[in-house]
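See below for the structure under consideration.
The values are calculated or read from the model by the stated rules, or taken from the named source; none is laboratory data. None of these values were measured; they are calculated from a predicted model. Here the Cβ positions follow ideal geometry from the backbone for every residue, glycine too, while neighbour counts run over all protein chains shown. Side chains are part of the model used for accessible areas, which takes the heavy atoms of the whole protein and leaves out ligands, DNA and RNA. Shrake-Rupley method; radii C 1.70, N 1.55, O 1.52, S 1.80 Å.
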Amino acid sequence: MDDIDLRFYRKTVLIKYSMFVINMLRAIKTLKKVSTYFCLLTTCLGWSQYTIKGQIKDINDVEIAYANLLLLNNKDSTLVAGTSSNDYGLFHFENVTTGKYIIQSSFIGYREKLTPIVVNGNIELPIIVMQESTETLNAVEIVVKKPTLKREADRLVFNVEKTALSEGNLMEVLINTPSVIVLDGNLQVKGSAPTVYINDRKVHLSSSELLEFLEGTSATNIKSVEVITNPSAQYDAESGVVLNIIMSKNLISGYNGNVFSNYTQGVFPKMNYGMSHYYKTSKTNLFFTYSYGNIKKNLENEEIVNYPGEVWKSNADKNFWSERHNFGLNFDYTLSDKTTISIASNSQFLPYFKYRNKSQTHISPILNDISRFDAYSISRDKKHNIGADLDLTHKFSEQSKLHFNAHYTNYDYYRKQNVSSDYFDSDDMFFSNTKFRTRSDINTQIITSQIDFSRTLNDNSAFDTGVKLSHVKIESGINHFDIATNESIFNTELSNTFDYNENVFAGYFNFNTSINKLAINVGIRAEQTNIESLSSNEENNMQDYLEWFPNVSLSYELTEKTDIYLTYKRSLQRPNYSQLNPFVFYINDYSIITGNPNLRPIFTNVYKIGTTFNNLFTVDAYYKKYENNIFELPFQDNITNTITYTPININTSEEIGLDIETYFDITKRWSFYFGSSIYNFNNKTTLDGLEEQKDKWANYSVMQNDWYFLKDNSLSSTFTIVYIGANVQSLQFVDTRWNTFLSLKKTILKGKGVLSLTFSDILNRQDFFVKTNFTNQNSSLFTNLDNRRIKIGFKYNFGNTKLSTNQRSTHKEERDRLTERGN
């Protein structure tokens, strides 16, 4: 129903309602003797509940299955109930009270129909006949809208419901969200790794699995994406920046689903495909999704290490093969009008993963008659990551709600690695070989429970509070075998075990209110952490600390189109489990990757002041201070000529910057976004008794254009340019990088099919140099990424495509730290 028809309809309803009231008053005035009986009868009928039954067909007397039917209040067109027709075109509404209503019928390729009814008892409606729409027979049924952007004090809200983006997957939505990029296979928001939520519930997958989950999950029912830069105390203290995906809700019952397939060509081809199914009744919601990925990717490195009097130059060619199965399940059951129970699971199975690293290292001048050596490393991995959640939500009233969540994760990771090196003399003749193999097993169990209570105090104020308990247990071991004359000899010194136990007890209180033009949100969160890690090589670590995490957000509306805001937040980031694990992964005999069990958590304080004016431009200045910031650095041993990549804590890191953003429509079919950040990063630490300091001013900019073509906007295109200027990371300098992205998308088959074509890293400028130069460390590394790709995709929707799913994924911050090293 368009705006003109809607205004006319409401005006007609208002006139009819007014005449009805006048006639009723006249009748009551002339029938005073029966007024008492009339009022009593009206009251009784008002509390009665009835059933409406009907059938929907086309003009050829053919039943229309899966048509959408909405029961609207005759007075103000508010939604009372929703349903869909079954295979025979039959439908019904239950528990309908006395009154006047309108039944709105709609289906793809048919004109919308409004049927007014009066309910004063059970009703068997005449057959509703729908006529085909000449406008939609040869076009998409829904005119695709354009995304809109709204800036709030603590977040940016990107509305994408029924846009071209909602026809893709969740990954495509996020990478098209202003200020969000994918860099080196990781999501980033202005240089920070965000925590992803769906409907305010964390996606409980590790960072390495998150991208695959997002790419294999349909965005059909997405409403908006919230980029929350100042999360409230309700969120975990580790949630420095939050990406909250809001899924739309629906009262309509029925079934829908989709299947999809993508083919990507980079250096090597990649394929993934999957499906999702959703079924809804009056009390039950069931959602299931599955995706499969068969991936091979390439990565090349050129490394130069300057030892005293020697230069080692290495070229490495790395290949990755993997097969992954992703499953998602959500089941909701309404126990009563006030209580809902839910079961959710997101799991990944990796039955096959192979990583091969072929490298050649030249030594100049020749060392111990060694001119070069060739290394060959291959590892084979298997793992599963199974997570399950139980949720119970109870509404005491419209103003108060209690929510309980229990979560369990079982993560099992197994790796076998074989390393071989061939050595050549000054005449480039082979003269010796070394071999060894390792086997590692890691089992992680995560158990959490959380209770949240929220209450609305009045129209302007509300609060929420809660507690959370989490327990993490890791048991792992690695066995090292030297190989001589084809025999494996167990190496006790290089074998190891690592056990880790972590308990966190957290509580929070958050309050928000508005006073005239001033909006206030304040909160406090406390987390008590107890950690015990034990290693067989006596690298043990005990930590016991209580920390407080306040946050404040103030926003004041200067004019209707201009506001100013001030925010502050303290947060922490615990090391991920692989960073703590001291196991060694070998690149070759002289280059290794290992963890650091003595790492301390990062504490961050963020201050920000900004303004949004004319609802178009946002400018804010910020200051961030990090304590114990964690970076992985290469450390070269100038005596043994080995280089070790390991994470360390930097004493202090400070960042100061100015951000500018704008988002507006150049024309009705052309939307434009531009964001730029000018910042300085300053790192200070002490290594081997020497003070080290690196800082540099840098620029990060994003420009994105969205175009919409054809009458119904069913053809869309997005072109994005990302510029990351030369910058400093820890004690290293990183060269300038560019990323260019172009996507085309067309809806076909009357809106049920979607074709997509994507080009990534068009200019091939995403490769980069990293230079290290501090104390006695001097090296450089060039990385050639497999990011220049072309992807072709197709998705087909079936069933009642207007349904909105209960799709969501809980995400525990403990699971974010499940990452593998050495890949």
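Just a few scattered comments:
- Considering the stretch 320-346, and only residues there that are open to solvent by 50 Å² or more (accessible area, probe 1.4 Å) and acidic (Asp, Glu), the residue that is modelled with the highest pLDDT turns out to be GLU323.
- Matching residues, the stretch 680-725, being exposed (fewer than 15 other Cβ atoms within 10 Å of the Cβ), touching a residue at least 60 places away in the same chain (Cβ under 8 Å) and either among the polar types (S, T, N, Q) or assigned to a strand (DSSP E or B) (or both): LEU690
- Residue match in the stretch 631-653 (condition: closer than 22 Å to LYS696 by Cα, modelled with pLDDT of 90 or more, open to solvent by 40 Å² or more (accessible area, probe 1.4 Å) and β-branched (Val, Ile, Thr)): yes
- Scanning the stretch 299-314 for residues that are out of contact with any Ser or Thr (no Cβ under 8 Å at 6 or more places or on another chain) and either surrounded by 19 or more Cβ atoms within 10 Å (Cβ to Cβ) or on the phi < 0 side of the Ramachandran plot (or both) yields TYR307, PRO308.
- Every pair of residues 6+ apart whose Cβ atoms lie under 6 Å, when the first sits in the stretch 353-381 and is among the small types (Gly, Ala, Ser) while the second is part of a strand (DSSP E or B) and exposed (fewer than 15 other Cβ atoms within 10 Å of the Cβ): SER364/VAL311
Okay, residues lined up against (1) of a type in the set (A, V, I, L, M, F, W, C); (2) under 27 Å from GLY257 (Cβ atoms); (3) part of a loop (DSSP other than H, G, I, E, B):
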site: GLY54; (1), (2), (3): no, yes, no
site: TYR66; (1), (2), (3): no, yes, yes
site: LEU69; (1), (2), (3): yes, yes, no
site: SER77; (1), (2), (3): no, no, yes
site: THR83; (1), (2), (3): no, yes, no
site: TYR88; (1), (2), (3): no, yes, yes
site: HIS92; (1), (2), (3): no, yes, no
site: ILE103; (1), (2), (3): yes, yes, no
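- Among the numbered conditions (1) surrounded by fewer than 16 Cβ atoms within 10 Å (Cβ to Cβ); (2) modelled with pLDDT under 90, the only one that ILE609 does not meet is (2).
- None of SER261, SER291 is at pLDDT 80 or above and surrounded by 23 or more Cβ atoms within 10 Å (Cβ to Cβ) except SER291.
- Whichever residue in the stretch 271-284 is within 22 Å of the chain's Cα centre (by Cα) and surrounded by 21 or more Cβ atoms within 10 Å (Cβ to Cβ) and, among such residues, is nearest to THR83 (Cα to Cα): TYR278
- Count - residues of the stretch 305-348 that are out of contact with any strand residue (DSSP E or B) (no Cβ under 8 Å at 6 or more places or on another chain) and closer than 27 Å to ILE386 by Cα: 0
- Filter result for the condition that a residue is at pLDDT below 90, part of a strand (DSSP E or B) and either of a type outside the set (Asp, Glu) or in contact with a helix residue (DSSP H, G or I) (Cβ under 9 Å, 6 or more places away or on another chain) (or both), over VAL754, VAL728: VAL754
- Close pairs from the stretch 560-579: first in contact (Cβ under 8 Å) with a residue 24 or more places away in the chain, partner assigned to a loop (DSSP other than H, G, I, E, B) and among the aliphatic types (A, V, I, L, M), Cβ under 7 Å, at least 6 apart: ILE564/LEU558; TYR565/ALA153; THR567/ALA153; SER571/ALA237; LEU572/ALA237; PRO575/LEU599; TYR577/LEU818; GLN579/LEU599
- Test result for PRO647, part of a strand (DSSP E or B) and touching a helix residue (DSSP H, G or I) at 6+ places or on another chain (Cβ under 6 Å): yes
- Residues being under 27 Å from TYR586 (Cα atoms) and not aromatic (Phe, Trp, Tyr) - total across the stretch 437-492: 27
- Only one entry in ASP735, ASP767, ASP761, ASP712 is closer than 24 Å to ILE630 by Cβ and of a type in the set (Asp, Glu), namely ASP735.
Here is a yes/no grid of residues against (1) closer than 22 Å to ARG455 by Cα; (2) free of Cβ contacts under 8 Å to residues at least 60 places away in the same chain:
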position: PHE490; (1), (2): no, yes
position: LEU494; (1), (2): no, no
position: PHE498; (1), (2): no, no
position: ALA506; (1), (2): yes, no
position: THR513; (1), (2): yes, yes
position: ASN521; (1), (2): yes, no
position: ALA526; (1), (2): yes, yes
position: ASN530; (1), (2): no, yes
position: SER533; (1), (2): no, no
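- Residue check, ASP317 of a type in the set (D, E, K, R) and either crowded, with 18+ Cβ neighbours inside 10 Å or not in a strand (DSSP E or B) (or both): no
- Candidate set: the stretch 556-581, residues that are open to solvent by less than 20 Å² (accessible area, probe 1.4 Å) and in contact with a Ser or Thr (Cβ under 6 Å, 6 or more places away or on another chain); chosen: the one farthest from ASN512 (Cα to Cα): SER578
- Being within 24 Å of VAL770 (Cα to Cα) and assigned to a loop (DSSP other than H, G, I, E, B) is a description that applies to THR640.
- Residue list for the stretch 571-593, restricted to those being of a type in the set (A, V, I, L, M) and either over 24 Å from GLN234 (Cα atoms) or more than 32 Å from the chain's Cα centre (by Cα) (or both): LEU580, VAL584, ILE587, ILE592, ILE593
- All positions within the stretch 59-88 that are open to solvent by 70 Å² or more (accessible area, probe 1.4 Å), of a type in the set (A, V, I, L, M) and in contact (Cβ under 8 Å) with a residue 24 or more places away in the chain: ILE59, LEU79
- Yes/no for TYR376 being surrounded by 14 or more Cβ atoms within 10 Å (Cβ to Cβ) and closer than 28 Å to ASN503 by Cβ: no
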